[in-house]
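Report on the structure given below.
Rule-based calculations on the coordinates, nothing more; no lab input. Here the structure is a predicted model, which is why all the values come from computation and not from measurement. Using ideal geometry, Cβ is built from the backbone for each residue, glycine included, and neighbour counts are taken over all protein chains shown.
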Amino acid sequence: MKKLYQYAACLLIGGLVATACKTTKSPSGQAGGVRQGQGVYQYREEDPLTKPFYSDRKGVIGRNGMVASAHPEASQVGLTILQAGGNAVDAAVAVQFALAVVYPNAGNVGGGGFMVYRDRSGKAYSLDYREKAPGRSTANMYLDSAGNVRPGLSTSGHLASGVPGSVDGMVEAHKRFGKLTWAQVLQPAIDLATNGYALTERDATGLNRIRKELQTINPGKAYFLKSTTDTSSRWKQGDKLVQADLARTLQRIQQQGRAGFYEGETARLLTDEMKRGGGIISEEDLKNYHAVWRDPLQATYKEYNVITMPPTSSGGVALIQLMRLSEQYPLRRWGWNRDSTVQVMIEAERRVYADRAKFLGDPDFLKIPVAQLIDPAYLRSRWQDFSFAHATDSRNVRGGTLPGYESLETTHFSIVDKEGNAVSITTTLNGGYGSRVVIGGAGFFMNNEMDDFSVKPGVPNMFGLTGNQANAIAPNKRMLSSMTPTILEKDGKLFMVVGTPGGSTIITSVYQTILNVIEHGMTMQQSVNALKFHHQWLPDKTIFEQGAFTEPTTQTLISRGYILERLTNTLGRMDCVLVRPDGSYEGASDPRADNTARGY
Ligand code: GLY
């Protein structure tokens, strides 16, 4: 009990003190301070969000199975499949396709993703179904003749898309591990597309937000508009969205497997759309796309074994680096989000994101020094220039030196079945609703994943991430990702399934969510509810959810030269499952959106 609430004490102290935040100079010459957007944020005692949790939502407890996803309809689909005798992979395939219908901002058939799977015997697998650059892509395809980035080209419209991987990924996962038939796991998504589903308030707001851009990018098409005759009419909560063309696409996938998407009618519709809008994905690109089984990345942290995604994701390497860097300090003793705890975590993040930019990319194209990057001796060396007295200046931080080397809209779901098979999947179109291109006649959004490449060395992408040669565009190469689907074992047994969307913030949200449970004694749901922060080396600032830091912590960080920027929105949309000591499952879904856990 003492451990469970050890983080509460600092908040009590913090709540009592209200001091204006000053901007100060650190010994490194860096100006510390708290900003809100461009202005200086002044802490107010009466601020309603000064408690450490976003909400007091409670976890869902089940003994036989658990599904946590971004949408209630999709979680219900997963639960129904588990109750019909399907295993975690059957449920995962059904949820991926259901999300493509009910969560078009990130659920997809036109995007890609990663799956980490641990079967009940403890054997672990990972599946990379990340999109690939089209065969006709070039390193400079988003630059003008003067070598400058042409704004918007890698983020919206037809040229922004990589070759989709989700359908082949699901075919592969089901072929290897599924128990129910392919037709069975596709049917719930087909039903949702054919019969329609009631929009949540958030669904309606999202579609209304992109209404104008939808019409600009998709002239003459009526997809996702409330009315085909009155294009100004707005969706509202409870309206029914029917997607007849998407239903037919899903039926072709149901009847023909991968050929139902990568060949025949769907492939023809997709490539016709590309030709119409100046995109470059070809029939050959589609035919040649294949998901890849990779050895999952596994590493120990104290009594835990972390099973996570290897490159093409940077997430797994970065997560293990972060955990092992912070393992060298007594965060548990210091307490949740105390100044020293936060300082260690920020400084670890600064160094890890510098490594990410320098070393990580598609392992099919370059040799990535994974073992060296997570080596404890290397990670110890990364602390050499750190002092608690002041913030390290990101301008002085580079990716580490290894011998032989020079150089928020996604969605996650976690599923555990009654036998203890566990699936952790993060899947994405990249930005919300991807490139905003809807394939005419097929009814689905395409991704804008090309922006996850480094379109020009040193130029930040939509998440402010900078990269270089390791993640340069090349034909058929996979773009680097931050998605971090992860499974933890404790004493050899399944312990936690975790993940989130959030672009570059995925890695740090997963990191904090894990540490909140294993170091600070929170339940899974408390950990999801807990307010979060993020640093990514460049830009050199720490963004935070209001309330994540107490006033004393804030003041200490400022006096040591940290730039703190309060977010007006939130961090993370976690969907997690924890195995409790009695063997039951705690499903934890993020209260920041429509995320829902369902168990039985
Ligand atoms: N598109 C976000 C990521 O893969 O990191």
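For the pair residue 401 and residue 476, what calculated FRET efficiency results from E = 1/(1 + (r/R0)^6), where r is the Cβ-Cβ distance and R0 = 45 Å, to the nearest 0.05?
Numbers: r = 31 Å, r/R0 = 0.68.
Working from the Cβ atoms, E equals 0.90.
About the Cα centre of the range 396-520, how large is the charge dipole given +1 on each Lys and Arg Cβ and -1 on each Asp and Glu Cβ? Please answer in debye to the nearest 20.
Details: 8 positive and 10 negative charges, 50 e Å.
Value, rounded to 20: 240 debye.
In cubic angstrom, how much convex hull volume per residue do the alpha carbon atoms of the range 555-596 span?
Per-residue hull volume (Cα only) is 118 Å³.
Mind giving me the FRET efficiency for residue 290 and residue 179? R0 is 25 Å, r the Cβ-Cβ distance, nearest 0.05 is fine.
On the way: r = 23 Å, r/R0 = 0.94.
It comes to 0.60.
When the gyration tensor of the range 248-355 is built from Cα positions, what are the square roots of 5 times its three eigenvalues, in whole Å, from largest to smallest?
Details: eigenvalues 414, 56, 31 Å².
Those come to 45, 17, 12 Å.
Place a +1 charge on the Cβ of each Lys and Arg in the range 478-600 and a -1 charge on the Cβ of each Asp and Glu, then give the dipole magnitude about the Cα centre in debye, rounded to the nearest 20. Let's see the in-between values first.
Working: 11 positive and 12 negative charges, 41 e Å.
For the range 478-600, the charge dipole is close to 200 debye.
Amide H neighbours of residue 294 under 5 Å, at least 5 residues apart or on other chains, H built in the peptide plane: list them.
Amide H to amide H, under 5 Å and 5 or more residues apart or across chains, residue 294 pairs with 126, 127, 128.
What number results when the radius of gyration of the range 447-600, computed over Cα atoms, is divided by 2.2 N^0.38 Å?
Values: Rg = 17.6 Å, N = 154, 2.2 N^0.38 = 14.9 Å.
Dividing the Cα radius of gyration by 2.2 N^0.38 Å gives 1.18.
Highest mean first, how do 389-399, 452-462 rank when packing is the count of other Cβ atoms within 10 Å averaged over residues?
452-462, 389-399
Based on other C-beta atoms within 10 Å, arrange 174, 535, 412 from fewest to most.
On the way: 174 21, 535 27, 412 35.
By the 10 Å Cβ count, ascending: 174, 535, 412.
On a C-alpha basis, how far is the centre of the range 134-209 from the centre of the range 210-275 in Å? Whole number, if you could?
Computed from Cα coordinates, the inter-centre distance equals 12 Å.
Please turn the phi angles of the range 335-341 into ³J(HN,Hα) values with the Karplus equation 6.51 cos²θ - 1.76 cosθ + 1.60 (θ = phi - 60°), one per residue in order, whole Hz, x for glycine and proline.
Along the range 335-341, the couplings run x, 5, 6, 6, 4, 5, 4 Hz.
Please check which bits of the range 459-487 a label hung off residue 365 would reach, taking the label as a point 7 Å along Cα-to-C-beta and the cut-off as backbone N under 14 Å.
Counting backbone N atoms under 14 Å from the label point, the list is 467-481.
For the chain, give the magnitude of the charge dipole about the Cα centre (Cβ charges: +1 Lys/Arg, -1 Asp/Glu; no others), in debye to the nearest 20. All intermediate terms of the calculation are to be shown ahead of the outcome.
Values: 66 positive and 57 negative charges, 120 e Å.
Around 580 debye, computed over the chain.
How big is the Rg/Rh ratio for the chain, C-alpha atoms only, Rh by Kirkwood, two decimals?
0.95
Among 409, 347, 449, what is the fewest-to-most ranking by other Cβ atoms within 10 Å? Walk me through the numbers on the way to the answer.
Working: 409 19, 347 24, 449 30.
So the ranking, lowest neighbour count to highest, is 409, 347, 449.
If packing is taken as the mean number of other Cβ atoms within 10 Å per residue, what is the order of 538-547, 104-113, highest first?
On the way: 538-547: 19.7, 104-113: 29.1.
Listed from highest to lowest mean packing, they are 104-113, 538-547.
Using the count of nearby Cβ atoms within 10 Å as a rough guide to exposure, how do 274, 66 rank from fewest to most?
Working: 274 22, 66 35.
Least to most surrounded, the residues fall as 274, 66.
Beyond a 26 Å Cα-Cα separation, which of these cross-linked pairs lie in this structure: 175/221; 179/302; 132/456; 367/490; 358/541?
Numbers: 175/221 35 Å; 179/302 35 Å; 132/456 18 Å; 367/490 31 Å; 358/541 20 Å.
Correct reply: 175/221; 179/302; 367/490.
Enumerate the amide H contacts of residue 600 below 5 Å, restricted to partners 5 or more residues apart or on another chain; note that Pro and chain-start residues carry no placed amide H.
Residues meeting the amide H criterion: 63, 64, 65.
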